[in-house]
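Right, one structure below, let's go through it.
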Amino acid sequence: MKFFLRSLHLCFVISVLFLGCSSNETVTPSANNAKKQSVYTPTFSEPKDWLRSESKEAITYTAPEGNARVMLVSIAQATDAQSAAKLAWGKVDPNFNRVLKLENENAPTRGWDAIVEIEYQTSPAEERVVYAYPHYYQNQWSVFLIDANLGTLGKRGAAVRKMYQSLTRAGYQSIDLKGKTAKTITPEIVAELLEFLKNSTQALKIPGAGVGIIQNGEVVYSGGVGVKDIETAEAIDGDTRFIIASNTKSMTTLLLAKLVEQGLIGWDDTVISHYPNFRLGDEETTKSVLIRHLVCACTGLPRKDFEWVFNNGPDTPAQSVFDELAATQPTSGFGELYQYNNQMAAAAGYVAAYKLYPDMELGAAYDRAMQEYIFDRLDMSHTTFDFKTALSGNIAKPYTVNFDGEITAIKQTPSDGFNHTVIAYRPAGGAWSTPTDMLKYIYNELSGGIAPDGKRLFAETPLLERRAPFVETGAESTYGMGLSNKDIDGIAIVEHGGSMAGYLSQMVIIPEANIGAVILTNSDRGGALLAPFGRKLVELLYDAEPKAEAQVAVAVDGANQYLAKERAELTIPADATIIKSLAKTYTSPKLGSVEIRNEGDSVILDSGVWRGPLGSKTNPDGTISLVITDGATSGVEFIVGELEGKTTLNLITPQHKYVLTESD
C-alpha cells in the first residue's frame, strides 16, 4: 500500500503502471494503419474507450476525460534515445519543450534491442506526468509517449499499462512455455534462487527477505537471506514475522468463501442485505453493491489511503472504514475499470465478521473469525493481527533508504508508528505472518481447500471463484477477489502483493505445477524485487529466458538516479527562511491537523500518529515544496500555497487534492 501513498511522479508511474509484467500479446490495432507505417511497427493492445487519431507516423489515444494522451510514434532514424524522444514529441506537439529529468535504460523485452525510460520535469501543482519510452530495433525507434493528468492516469492506469506492456516488435515470436512441465525443485535450484536473492537484496539495500517454497505439498525451503535487524545482525528464518499487508486480502476473501460455502452469504447478494448500515455514496449506488464488489477492485472507487494514515491511530475503531465509504462516490461504473481501494476490502472483512458474530464489536469479531476459520484451520500458529504480539517476538524490523542513500530504520511504536494506522483497516492489509505460515496458506490454495491429512477444510468452488478475473489490470493480467492472475511466458500465475512501511511482499502460485512461493522483505526497496522473484522462479523451473537479473539491475540504477536527482534539488533540513514563514499547525477537514516544529537540527512534520523530517525544494514553476526525507512517509510532498490570506500545504495524489490551512 505504501507506494500509492507517495505523491512522487516517478514512484507512481513506475510502481502503478509498468513494473513487473511481461506480455505475449500481439494485437495489431489497425491493419490499414500498419501498412502505412514502417515494417517495424509494433503490435499492441489499444486502450479501450479512448479516442483514437492517427497520422502516417503517429497514433494518439486520448482518454474520455480529455486530459490524458498516450501516443506511439515511429522514428526512422535517431542517434540515441533522447533524440528519438525529441523527434517523437515534435511530431505530436511542435511546442513541446519539457526539460529532461531522468533517463534510465530498461531491460529489453518483447523483441526490442533496447528500451529506455525518459522522465520530463513537471511541477507537482501541474498534477501531470510526462514520459517517453523509446523502443529500439535495427536502427528504428518506436516511441511510447505519455502526457497525462495524474488523476486520470490513476483512474485509467490499467489501460495505459496494457498498451505499454503489450508493445511488441513486429515479427517477434514470443516464447511460449505453456504445456511445459516444471522441474522438480532440487537443492541446487534452491541455492541458485537464494544466491539471486542475496545478490539482489544487497544491490537494492534491502536488509533481508524471508523466503518459502512448496512443491507437490512438500515444503522445499523456508528461511531467508540477510538479516532481520541490522544492529544485531540476526538472520531471518522461517518463523520470522513480517507484516504481509495486502496479502491479507486473499485471506479475507477466503473467509468470505467459507461463508458462501455455509450458505450464510452469496457472492451476488447485496451488501445491505447482510449489513444494513453499509453506505457508499448515494442511495442508488449503495443498493447496487454486491458482496463480490467489495473485493474485486472494479467498483470505480479511487484510493483514499491518505485519509486513513493521517487520521487513524492504534485505537481507531473499525467503524471508521464505513464512515469513509459513506462519503465516497465511485468515479466509474462497476466492472469498467481497475481501481484499487483498501476501504472496500476492509469493509468486506467486517461484513463477514458481522454475519458470524453480530453482537461483537466489528474489529473483535473479525479477529475472532479469522482466527477460528482461517488461521487455526490452516495451523498458521505464528500469524496474527495483534501488533503487540507481533512486535515482541521474532520480527523483521522495517527499513527504508533516505535521500542520502542511507539505510534507516522505520519506527513502530503506538506513538510514532505509520504501520499502526492499518489496524482499523486490517482486513485489507493488517496481518503479520512468516514464511512457514504463508506456505501453509499457499498449500491450501494449491490443494483447493484440502488439508495435508486429506480432510476438506474449504469447498473448492467458492475458493476457486476468488481467482475468476473481474477486471483487466494490464496485458495478460487481471484481478479477481483478493487475488491476481498473470501470465509469464505462457505460465499461468496466481499472485498478490503487499506493501506497508518497510514491508513489501509477494505470493506466487503456479497451480498447474503445484508449486507456490512467497517472499517477504523488510525494506521499502523490496517492491523492486517482487516481480524479479517471480520471474526468477519461472526461469529456474522452466528454463525460461533469463531476465530477472536485468530487471533488478534496472531497478538499482533507476533508484540511484532518482535519489541523486532528488537529493540535488532538496535542502535538508528544510530551509529555515521557508519554515519561519509558515504557521505551526495546519488543518484539513479530511486529514486532520499536522504540526511543523524544529527538533535539534531537523524540521519535523508531525501528524499525531507518525512524524518525519522535512526538506524543501523549489519547483520548476517557482512553487515551494516540503518533502518528508526519511522514515515511513519518505517522499510525501506538500506544496506551499496561499488561500484567503492564509498559507496552505497542498497534498496532491491521484484523484485527490487535500488542502491543509494554517490554524494558528
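Annotations for the structure displayed:
- Residue count for the range 138-196, restricted to those that are hydrophobic (A, V, I, L, M, F, W, C), part of a helix (DSSP H, G or I) and in contact (Cβ under 8 Å) with a residue 24 or more places away in the chain: 11.
- Of the residues making up the range 644-664, those that are modelled with pLDDT of 95 or more and surrounded by fewer than 16 Cβ atoms within 10 Å (Cβ to Cβ) are Lys646, Thr647.
- Summed over the range 571-593, the residues that are within 27 Å of the chain's Cα centre (by Cα) and surrounded by 19 or more Cβ atoms within 10 Å (Cβ to Cβ) give a count of 2.
- Selection status of Asn560, closer than 30 Å to Ser200 by Cα and surrounded by fewer than 20 Cβ atoms within 10 Å (Cβ to Cβ): yes
- Qualifying residue in the range 76-94 (condition: touching a strand residue (DSSP E or B) at 6+ places or on another chain (Cβ under 8 Å) and part of a strand (DSSP E or B)): no
- The set of residues in the range 606-624 being in a strand (DSSP E or B) and more than 14 Å from Val309 (Cα to Cα) consists of Pro613, Leu614, Gly615, Ser616, Lys617, Thr618, Ile624.
- Filtered residue count, the range 484-515, keeping only those that are touching a Lys or Arg at 6+ places or on another chain (Cβ under 7 Å) and outside any strand (DSSP E or B): 2
One line per residue, one yes/no per condition, for (1) without any contact (Cβ under 8 Å) to a residue 60 or more places away in the chain; (2) surrounded by fewer than 23 Cβ atoms within 10 Å (Cβ to Cβ); (3) in a helix (DSSP H, G or I):
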site: Tyr425; (1), (2), (3): no, no, yes
site: Ala428; (1), (2), (3): no, no, yes
site: Thr436; (1), (2), (3): no, yes, yes
site: Glu445; (1), (2), (3): no, yes, yes
site: Gly454; (1), (2), (3): yes, yes, no
site: Pro469; (1), (2), (3): yes, yes, no
site: Glu472; (1), (2), (3): no, yes, no
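- Residue match in the range 608-615 (condition: in contact with a helix residue (DSSP H, G or I) (Cβ under 7 Å, 6 or more places away or on another chain) and either of a type in the set (D, E, K, R) or buried (at least 17 other Cβ atoms within 10 Å of the Cβ) (or both)): yes
- Considering only residues in the range 628-643 that are of a type in the set (A, V, I, L, M, F, W, C) and free of Cβ contacts under 8 Å to residues at least 60 places away in the same chain, the one that is surrounded by the most Cβ atoms within 10 Å (Cβ to Cβ) turns out to be Phe638.
- Hits in the range 500-546 - residues which are farther than 22 Å from Val636 by Cα and β-branched (Val, Ile, Thr): Val508, Ile509, Ile510, Ile515, Val518, Ile519, Val538
- Tally of residues being under 21 Å from Thr661 (Cβ atoms) and either assigned to a loop (DSSP other than H, G, I, E, B) or modelled with pLDDT under 95 (or both) across the range 554-586: 5
- Of the residues making up the range 375-395, those that are more than 25 Å from the chain's Cα centre (by Cα), within 17 Å of Asp437 (Cβ to Cβ) and not small (Gly, Ala, Ser) are Phe375, Asp376, Arg377, Leu378, Asp379, Met380, His382, Thr389, Asn394.
- Thr201 satisfies every condition listed in (1) of a type in the set (Ser, Thr, Tyr); (2) within 30 Å of Leu439 (Cβ to Cβ); (3) in contact with a Gly (Cβ under 7 Å, 6 or more places away or on another chain); (4) not in a helix (DSSP H, G or I) except (4).
- Check on Thr408, outside any helix (DSSP H, G or I) and farther than 26 Å from Ile272 by Cβ: yes
- Failed item in (1) without any contact (Cβ under 8 Å) to a residue 40 or more places away in the chain; (2) surrounded by fewer than 20 Cβ atoms within 10 Å (Cβ to Cβ); (3) farther than 19 Å from Thr122 by Cβ, with Leu605 passing the rest: (2)
- Residue list for the range 502-547, restricted to those being surrounded by 22 or more Cβ atoms within 10 Å (Cβ to Cβ) and of a type in the set (Phe, Trp, Tyr): Tyr503, Phe533
- Residue identified as modelled with pLDDT under 95 and either closer than 24 Å to Asp489 by Cβ or under 27 Å from the mean Cα position of the chain (by Cα) (or both) among Ser200, Ser174, Ser222: Ser174
- Every residue from the range 352-361 that is of a type outside the set (Phe, Trp, Tyr) and surrounded by fewer than 24 Cβ atoms within 10 Å (Cβ to Cβ): Lys355, Leu356, Pro358, Asp359, Met360, Glu361
- Single match in Ile206, Ile213 (criterion: crowded, with 23+ Cβ neighbours inside 10 Å, aliphatic (A, V, I, L, M), within 25 Å of the chain's Cα centre (by Cα) and not in a strand (DSSP E or B)): Ile206
- Selection count, the range 432-473, where residues are hydrophobic (A, V, I, L, M, F, W, C) and in contact with a Cys (Cβ under 9 Å, 6 or more places away or on another chain): 2
The values are calculated or read from the model by the stated rules, or taken from the named source; none is laboratory data. Treat the numbers as computed from the prediction; the structure is a model and nothing was measured. Glycine gets a Cβ as well: all are built from the backbone with ideal geometry, and neighbour counts include every protein chain shown.
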